[in-house]
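The values are calculated or read from the model by the stated rules, or taken from the named source; none is laboratory data. These figures come from a predicted structure and were not determined experimentally. Don't worry about glycine lacking a Cβ; one is built from the backbone with ideal geometry, like all the others, and counts go over all protein chains shown. The area values use the complete protein model at the heavy-atom level, side chains included, leaving out ligands, DNA and RNA. Shrake-Rupley method; radii C 1.70, N 1.55, O 1.52, S 1.80 Å.
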Amino acid sequence: ALDIVARFDHSSSSSSSSSSSSTGSAATGSAAEVSSRNGGASVPVFRQRAAGLGSPSAKALQLLQQLQEFMQQHVYPSEATFDAHAHGPDRWSIHPLNEQLKAKARAAGLWNLWMAPGMAAQLQHLLPQVPAQERPTLLGAGLAHLDYAHLCGVMGSSVWAPELFNCSAPDTGNMEVLAKYGTPEQQRTWLLPLLRGHIRSCFAMTEKAVASSDATNITSAITRRDGSSSSSGSSSDSCCSGGGHYVVQG
């Protein structure tokens, strides 16, 4: 695997030199490009898109350019700080810079970019629950999934980036579940603070005694009896280490 990565980095670096003169190559995604990161070091970033993805819409192209500028100005220069924090004694705490950059991303309109227009239309009732300045970005930018895919390619160039735009897993998937199937009360209680970036969510399916990456091995069970349900089993996962509330689904 390391050999594959090394060969990919070498080929990306070679191809980037020939493509760097093409105007807007980062926006069209026709080749690899080199970004200045980590103290000025050149790191190849893969930008080639999957066949059939097509070109971004005018709205997505504008956001793509904003996103690239934000990554260059704020995210890449912060990676060393986040890396050091993740390997330090306070790694389970949130670094203050994380919240500062989230505020900057929200102010720039780069927030909840994952939400499709149809879903946003069903969540209009949440807008009066937040301050006026948060409403324009609370329900995303109205991007279709293919448009959002172009932005994911840029966010994915840094492991720290998706969370800063409130576009990281498992939050996005959990927010979609609450948006589609949650009651209005559940949406106000859990979805709204997730959309605002005030809380995080988790997904835990790791059990101590079995290889539960294969879901057929999961031993936890939900039993329905006399009109009610009871659950049994245990689960642990590092992404849920912060504690909080857990929902058992089955």
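Some notes on this structure:
- Each peptide in 67-74, 128-135, 198-205 gets a packing score, the mean of other Cβ atoms within 10 Å over its residues, and the list from highest to lowest is 67-74, 198-205, 128-135.
- Shape annotation for region 80-157: C-alpha extents along the principal axes are 43, 30, 20 Å, from largest to smallest.
- For the set Asp90, Asp147, solvent exposure ranked by accessible area (probe 1.4 Å, protein chains only) runs largest to smallest as Asp90, Asp147.
- Trp114 accessible area, assembled protein chains, probe 1.4 Å, Å²: 10
- Cut-off 10 Å between beta-carbons: net charge of the residues surrounding Glu134, Lys and Arg +1, Asp and Glu -1: +3
- Each residue of region 138-143 is assigned a 3J(HN,Hα), and the resulting list reads 4, 10, x, 10, x, 8 Hz, derived from the Karplus form 6.51 cos²θ - 1.76 cosθ + 1.60 (θ = phi - 60°), x at Gly and Pro.
- For a straight C-alpha distance cut-off of 30 angstrom, the lysines reachable from Lys104 (same-chain residues fewer than eight places away being disregarded) are Lys59, Lys180.
- Near Leu178: Cβ cut-off under 15 Å, other residues only, Lys/Arg at +1 and Asp/Glu at -1. The net charge is +1.
- When Rg and the Kirkwood radius Rh are both evaluated on Cα atoms of region 111-243, their ratio Rg/Rh stands at 1.03.
- Note on region 175-215: Rg/Rh from C-alpha atoms, Kirkwood Rh, equals 1.16.
- Most to least accessible of Lys102, Lys180, Lys59, Lys208 (protein chains only, probe 1.4 Å): Lys208, Lys180, Lys59, Lys102
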